[in-house]
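What follows is a short report on a single structure.
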Amino acid sequence: MKKAINSHFCNVCLMDHTAANFQAYEDIGCNYCLPVLMNKSGSSKHEDLEKILNNLHETPGEYKAVVGVSGGVDSSYVAHLLDQSGIKVLLVHMDNGWDSHLATSNIKKIVNGTRHDFVSYVLYWPELRDMQKSFMLADVVDIELLYDHAAAAILYYYAKKFKIKTIIDGVNQQTEGIKIPDNWRWYKYDGVNIRDISRRVTHVNYPYFGTIDRIKAKIKGIKRISLLNHISFQKNDALKKLEDRYKYQRYAGKHEESTFTKFYQDIILPNKFGVDKRKLHLSDLILNREIDRDQAVNAIKSVKTLEYFLDTDCFILNKLNLSKNEFRNYITRPIKKHSDFRNEYATVNFVKKIVRR
Amino acid sequence: MRLIGELILSCELDAIKTTSFNDPVYCGDCLNISKIWSDSGISELLFSITKYHRKNNSYKKIGNVTGNPEINEYFSDYISNLRVPASICIYPEIEDCHRLFECGFDRVGFCYEKGKETEIEYAVDVLRSQYGSQATFLVYEVCKIGKYVDELSEFINIAEKWGVGELIFKDIAAENKCADTEFCKKLAELARDSEILIGYSGGLQYEKEKLGKLKFFSSLSLGGDITFIGSNNVLPGF
């Protein structure tokens, strides 16, 4: 029986009152970690996996699926698993101009070490830079919406191009099980929101893929599978295997394969929006029993200040063509909501209602 | 070990890839590519000025771009490991070479081409007398000219006669993946000193140990140090 308590912090994970609608319960966690804990009761994952792999084996065509790779551990491990199962896929990478050296190096190791083919889709940086600056000017929280949206669009593009019916991603409940709070993100297929926020930019190359496109793809039979949800995925074990087999190198933190994501999570989110995404990532690891809460609390103690960043690293501001003062001004401006701009919220709700019926 | 990254820039400073200097394909933000290379241990940047620029009437514009003092700030100030970049010219235009030196480039090189010897020799001579022989280098494009020992010996003799500062052997690829080790060994036998630079496509997959004292020139072609591999080489873009 869960009993709500008036606390700003969860005693099981690291989630706290900075997450929208946070509610802690006595002894058993909070409304963010509890659903994950309840979901972890043993299911027949391995049977599912066998069925998925058999289906992929029987799929006609050279490539059985499209797999997005960022150089991160999750997607790299998916590529490894499929290779071990003798399933050839097309690995697709989106180059958004922010790949770190380590990410490109890890991707290359995975590509060279497996039998998969690989393609890199390069987004046109000058256009992307202007769109990204528009997002910053708009003071909305989910700047990465631009990249997540494009990444999805590109996966569907290659699925269509090569007539592949399956897209496999590295999303998983074990290390990404906790729902991202609504005030930390926006709906990733919202092309209308992206267009409206960056309306001053001439859109030529950016690949849009809105809710309607997603429905069309579903009707055409293209399905998404989160393969890691069908195995007992342990991040540390996966890393060890990748290191041993491919000489994969680990990152200091989650999503650090992108220079911008690291900057966004280390500097923009905490300083402008009061959001520390490490709480979410470390909470996932606590729930997956890969670290304990004390270790996580210690890991979160170090904080990079805005001034430290401005003194030491000008690469990102230089690339975005922003001065230090412009960036300071951005950090201190009041924030706005994505819903202050045109969006697909109503369409999504409408579709959800129809699906429920 | 000296590693050199090669960039082909459009007039807008976009990094591009060309097929025989035609059909330019955008391959990423040059600043990020430079950063990735710098973090990979690349110590120098090399800009290719190609037929593409001449054909599209932008040869002079590129000269203006590279001639802009800001380009050095653009690349060097924010990427700490990089030295002042060098530049290769396919066709020697002495006027443009002067412009490159004026903006801080420390060397200008020429791609060796049969039938163009007089022109190249003249350009090397002019530049050598003004900037010193170390400011010039000669490039042998292996994929284009071939791997024949006679040709190589001839090339090395010519380079020595002209007094260029360095030789670069570019695009020595075996199955587009790694350096052709056998060819490199052949080169090592021909070389009289260790200042020969070996170049090949396919990123940084060099084999240091096998090739001993030879130095490497790494021609990195597509976005970062990623190259397309496999049977289906799909170019980016819709």
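The values are calculated or read from the model by the stated rules, or taken from the named source; none is laboratory data. Keep in mind it's a predicted model, so treat the numbers as computed, not measured. A quick note on method: Cβ atoms are made from the backbone with ideal geometry, for glycine too, and the neighbour counts reach across all protein chains shown.
Here are a few things to note about the model shown:
- Pick from the range A:289-298, criterion assigned to a helix (DSSP H, G or I) and touching a residue at least 24 places away in the same chain (Cβ under 8 Å), ranking: surrounded by the fewest Cβ atoms within 10 Å (Cβ to Cβ): A:Val297
- For the range A:175-197, a residue qualifies if it is in contact with a Leu (Cβ under 7 Å, 6 or more places away or on another chain), part of a helix (DSSP H, G or I) and within 21 Å of A:Gly72 (Cα to Cα), and exactly one does: A:Thr175.
- On inspection, A:Lys223 fails the criterion of being away from chain B (no Cβ under 14 Å) and touching a residue at least 60 places away in the same chain (Cβ under 8 Å).
- A:Ser70 being surrounded by 17 or more Cβ atoms within 10 Å (Cβ to Cβ), within 14 Å of another protein chain (Cβ to nearest Cβ), over 22 Å from A:Asp284 (Cα atoms) and in contact with an Asp or Glu (Cβ under 8 Å, 6 or more places away or on another chain): no
- Search result, residues across the range A:84-128 that are surrounded by fewer than 24 Cβ atoms within 10 Å (Cβ to Cβ), of a type in the set (A, V, I, L, M, F, W, C) and touching a Lys or Arg at 6+ places or on another chain (Cβ under 8 Å): A:Ile87
- Criterion applied to B:Phe75, B:Phe105 was being modelled with pLDDT of 55 or more, assigned to a loop (DSSP other than H, G, I, E, B) and under 17 Å from B:Leu7 (Cα atoms), and the one residue passing it is B:Phe105.
- Residues being surrounded by fewer than 19 Cβ atoms within 10 Å (Cβ to Cβ) and hydroxyl-bearing (Ser, Thr, Tyr) are represented in the range A:142-157 by at least one member.
- Residue count, the range A:104-128 (criterion: more than 8 Å from chain B (Cβ to nearest Cβ) and under 20 Å from A:Asn318 (Cβ atoms)): 3
- Residues that are of a type in the set (D, E, K, R) and either closer than 30 Å to A:Cys33 by Cα or within 14 Å of chain B (Cβ to nearest Cβ) (or both), drawn from the range A:134-174: A:Asp139, A:Asp142, A:Glu144, A:Asp148, A:Lys160, A:Lys161, A:Lys163, A:Asp169
- Test: residue in the range A:312-328 that is assigned to a loop (DSSP other than H, G, I, E, B) and within 23 Å of the chain's Cα centre (by Cα): no
- Subset of the range A:272-288 [not basic (Lys, Arg) and not in a helix (DSSP H, G or I)]: A:Gly274, A:Val275, A:Asp276, A:Asn288
- Single match in A:Ile267, A:Ile225 (criterion: within 30 Å of A:Cys314 (Cα to Cα), of a type in the set (Val, Ile, Thr), in contact with a helix residue (DSSP H, G or I) (Cβ under 7 Å, 6 or more places away or on another chain) and not in a loop (DSSP other than H, G, I, E, B)): A:Ile267
- Checking every residue in the range A:257-277 against the condition of being within 15 Å of the chain's Cα centre (by Cα), under 25 Å from A:Ser339 (Cα atoms), among the hydroxyl-bearing types (Ser, Thr, Tyr) and surrounded by 19 or more Cβ atoms within 10 Å (Cβ to Cβ) gives at least one match.
- Among (1) free of Cβ contacts under 8 Å to residues at least 40 places away in the same chain; (2) in a loop (DSSP other than H, G, I, E, B); (3) surrounded by 13 or more Cβ atoms within 10 Å (Cβ to Cβ) - the single one A:Lys301 does not satisfy: (3)
- Residue match in the range A:243-250 (condition: in a helix (DSSP H, G or I) and either within 16 Å of the chain's Cα centre (by Cα) or under 21 Å from A:Gln173 (Cβ atoms) (or both)): no
- If you go through the range A:294-350 and keep only what is more than 22 Å from A:Ile197 (Cβ to Cβ) and among the aliphatic types (A, V, I, L, M), you end up with A:Ala296, A:Val297, A:Ala299, A:Ile300, A:Val303, A:Leu306, A:Leu310.
- Answer residue from the range A:17-44, given it is closer than 25 Å to A:Asn229 by Cβ and not in a loop (DSSP other than H, G, I, E, B) and is modelled with the highest pLDDT among those: A:Cys30
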